[in-house]
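Data block below; observations after.
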Amino acid sequence: MKKLLLVAILALFVFNSGVNAQNEAGSLYIGGGFGYHTDMDDDNIGILLEGVYSFRDNIRFAAGILYYLSDDKNWGGQAISHTMYDLNLNVHYLFRDEDKMRLYALGGINSFRYKVSGGGFSESGDDTGLNLGAGIEYNVGAVMVFGELKLVTGDAHDNSFILHAGVRYRIK
């Protein structure tokens, strides 16, 4: 009886370990979507491109760019153009990984860059801050649909929130 119980426990452990091990380690995802900055007056929507690599089943590295869609402005009869984007380097910790759904915490570095030009002048700058947030992924077959909400510190973002939503494709 003890041997049967030991075999059953061992089989359950092996089965459970196999399910977790096949999920993430060594996986590479590429994806895109949209971002929404909650504290910008105008031009608060952007296009997101990112890559996510899993070092372990529950730890991932994510790098991405959020390019804000901005219209040229007219100021004093002069056309003023501006470009803004965020570069993000984050670490994800998956604390819930089920068959269809994953929940994760994230932390990392944000670099905001901008350039404004027109009417004979040009100005550019950048600001660095920290990211802290959480995300959810849902498996819908060939892709993972995701959403993230993160707090971004720094002078440019003024401790505001950014929401990302999109899809990730597993390529490895």
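The values are calculated or read from the model by the stated rules, or taken from the named source; none is laboratory data. As the structure is a computational prediction, the values presented were derived from the model and not from experiment. A quick note on method: Cβ atoms are made from the backbone with ideal geometry, for glycine too, and the neighbour counts reach across all protein chains shown.
Brief remarks follow.
- The set of residues in the range 75-86 being over 17 Å from F34 (Cβ atoms) and touching a Gly at 6+ places or on another chain (Cβ under 9 Å) consists of W75, G76, G77, Q78, A79, I80, S81, H82.
- Those residues of the range 109-124 which are on the phi > 0 side of the Ramachandran plot and either part of a strand (DSSP E or B) or in contact with a helix residue (DSSP H, G or I) (Cβ under 8 Å, 6 or more places away or on another chain) (or both), in sequence order: G118
Yes or no, residue by residue, for (1) modelled with pLDDT under 90; (2) out of contact with any helix residue (DSSP H, G or I) (no Cβ under 9 Å at 6 or more places or on another chain); (3) within 16 Å of N44 (Cβ to Cβ); (4) of a type in the set (A, V, I, L, M):
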site: A79; (1), (2), (3), (4): yes, yes, no, yes
site: D97; (1), (2), (3), (4): yes, no, no, no
site: D127; (1), (2), (3), (4): no, yes, no, no
site: D158; (1), (2), (3), (4): yes, yes, yes, no
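- Residue check, S70 among the small types (G, A, S), farther than 27 Å from E137 by Cβ, assigned to a loop (DSSP other than H, G, I, E, B) and at pLDDT below 95: yes
- Residue satisfying all of: in the range 6-29; at pLDDT 65 or above and surrounded by fewer than 16 Cβ atoms within 10 Å (Cβ to Cβ); nearest to the chain's Cα centre (by Cα) among these: L28
- Per the listing G166, G133, G154, G147, the residue uniquely surrounded by 13 or more Cβ atoms within 10 Å (Cβ to Cβ), part of a loop (DSSP other than H, G, I, E, B) and touching a Leu at 6+ places or on another chain (Cβ under 8 Å) is G154.
- Filtered residues of the range 41-59 (kept if modelled with pLDDT of 95 or more and charged (D, E, K, R)): E50
- Any hit, the range 30-40, residues being at pLDDT below 95, farther than 22 Å from I162 by Cβ and not polar (S, T, N, Q): no
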